[in-house]
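Heads up: the structure comes next, in structure tokens.
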Amino acid sequence: MRSGRVRRWSVGLALAAAARAALAADDACAGFKWDVAHEHAVFATAAEALSAGIDVASAPSLAPDRLYELAVAPQDQVKFALPPGRKAPVQGASAGLARLHVAGAGDWRISLDQGFWVDVVAGPELVVARDFQGRPGCQAPHKIVLYRLPGGQDLILQFSGAAASHVRVAITPVK
């Protein structure tokens, strides 16, 4: 009888610990100042694996509202369309390029699972980020950057400055 109670107590403790761990993971992603439910939903889907480009010609095309896992290259092997906005070099940094085309102009969020720097190139210039935020300990997503993107033209996304071999990325419209 006593061993049954001990076993139930042990199972109860294990379930409580698992629930606390799940809440802690959720807490790491809580606290964004924007409603990021849509980004969380996209990050909960299966990612399409692609290799990021090492130059504009090899950059894959990304579509909005999908999750991608981009394999990136050592940053010194990447030929950027324009110099990255972040000037400080990161030891062992990785980088890569992707293409994006949005039909209409508007506010868009680029969400990343890691602390990569992200630039958007529109023609001969970088699009200035309107805002950004991140959540330490959260990878679903970790960082979100808000841009007002021009519609009807090809854009280049430049990822740089993080020491990781892959980055998960989603591009979502602000609704």
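What the table shows:
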read-out	value
Distance between the stretch 111-128 and the stretch 58-80 - C-alpha centres, whole angstrom	11 Å
Residue 132-residue 37 pseudo-label distance in nm [points 7 Å out on the Cα-to-Cβ vector]	2.7 nm
Under the Karplus curve 6.51 cos²θ - 1.76 cosθ + 1.60, θ = phi - 60°, whole-Hz ³J(HN,Hα) for the stretch 59-70, x wherever Gly or Pro sits	6, x, 8, 10, 10, x, 6, 10, 9, 10, 10, 9
Cβ-derived FRET efficiency at R0 35 Å, residue 45 paired with residue 86, nearest 0.05	0.75
Karplus 3J(HN,Hα) series, Hz, for the stretch 72-81 with 6.51 cos²θ - 1.76 cosθ + 1.60 (x for Gly, Pro)	10, 10, x, 4, 6, 9, 9, 9, 6, 5
Sorted by Cβ neighbour density within 10 Å, fewest at the top, the residues 132, 159, 43, 80	132, 80, 43, 159
Length released on extending from residue 55 to residue 154, taking residue separation times 0.36 nm less the Cα-Cα span	34.2 nm
Lysines whose Cα lies under 26 Å from that of residue 79, excluding same-chain neighbours fewer than 8 positions away	87, 143
Calculated FRET value between residue 125 and residue 77, using beta carbons and R₀ = 22 Å, to 0.05	0.35
Contour minus Cα-Cα distance for residue 175 and residue 27 (0.36 nm per residue)	50.9 nm
Rounded to whole Hz, the Karplus (6.51, -1.76, 1.60) HN-Hα couplings of the stretch 144-159, x for glycine and proline	10, 10, 9, 10, 9, 9, x, x, x, 9, 6, 10, 10, 9, 10, 10
Built amide H within the under 5 Å cut-off of residue 65, gap 5+	171, 172
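A short reminder: the numbers here are calculations on the coordinates, not readings from a lab. A quick note: this is a predicted structure, and the numbers were derived from the prediction, not measured. Glycine also receives a Cβ, built like all others from the backbone with ideal geometry; neighbour counts cover every protein chain displayed.
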